[in-house]
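The values are calculated or read from the model by the stated rules, or taken from the named source; none is laboratory data. These numbers were taken from a predicted model, which means no experiment stands behind them. Backbone-built Cβ (ideal geometry, glycine too); neighbour counts: all protein chains shown. These accessible areas exclude ligands, DNA and RNA; they are computed on the full protein's heavy atoms, side chains included. Shrake-Rupley method; radii C 1.70, N 1.55, O 1.52, S 1.80 Å.
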Amino acid sequence: MCVKSWKNNWAELSTYFKYPKGIRKLIYTTNALENFNRQLRKVTKNKTIFPMIMPFKKVFI
């Protein structure tokens, strides 16, 4: 399955492998960081500080 994907997308992959090893590592690391940030946003996106109005009133009123 992986080999088939590489064969089908070799034009894009070969461009990646033309970069020096240090640049490839930087690209790979950046993708990992972007993935982590995407997961973090997914977890924190729907969180609110005060899901109900009563705790808000207790703190500020």
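For residue 33, the test of being open to solvent by less than 70 Å² (accessible area, probe 1.4 Å), modelled with pLDDT of 80 or more and among the hydrophobic types (A, V, I, L, M, F, W, C) is failed. Sub-8 Å Cβ pairs linking a first residue in the stretch 5-34 that is among the basic types (Lys, Arg) to a second residue that is in a helix (DSSP H, G or I), at least 6 apart or interchain, are 24/16; 24/17, ordered by first then second residue.
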